[in-house]
1. Run the numbers for residue 6 and residue 58: contour at 0.36 nm per residue of separation, minus the present Cα-Cα distance, in nm.
2. Beta carbons within 10 angstrom, averaged per residue: use that to sort the peptides 60-66, 39-45, highest first.
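What follows draws every value from the coordinates through simple rules; no lab data is involved. Owing to the predicted nature of the structure, the values given are computational and were not obtained by experimental measurement. Note: ideal-geometry Cβ built from the backbone for every residue, glycine included; neighbour counts use all protein chains shown.
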Amino acid sequence: MLNIIYYGQVNFISKWWNITGLGESVFLLDKVGIQKANVLHWTGQNKPWKTDKCFFKKLWSRYDKVDDGD
């Protein structure tokens, strides 16, 4: 219904607005692409606060208020 109501009135945002898949077992975006992102979204099993096997864990650690320094 919303698609009909707002047809032709939608502005699309850049794909860099919300980067998803950072917690997936395979992640295809490179470090340069990550740096363009506005929101980093760790979907999947490998969340940086749960495992060390997470892609780009260092990005998360900057904002982790209970980081133990590793």
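1. Contour length minus Cα-Cα distance gives 14.7 nm.
2. Packing order, densest peptide first, comes out as 39-45, 60-66.
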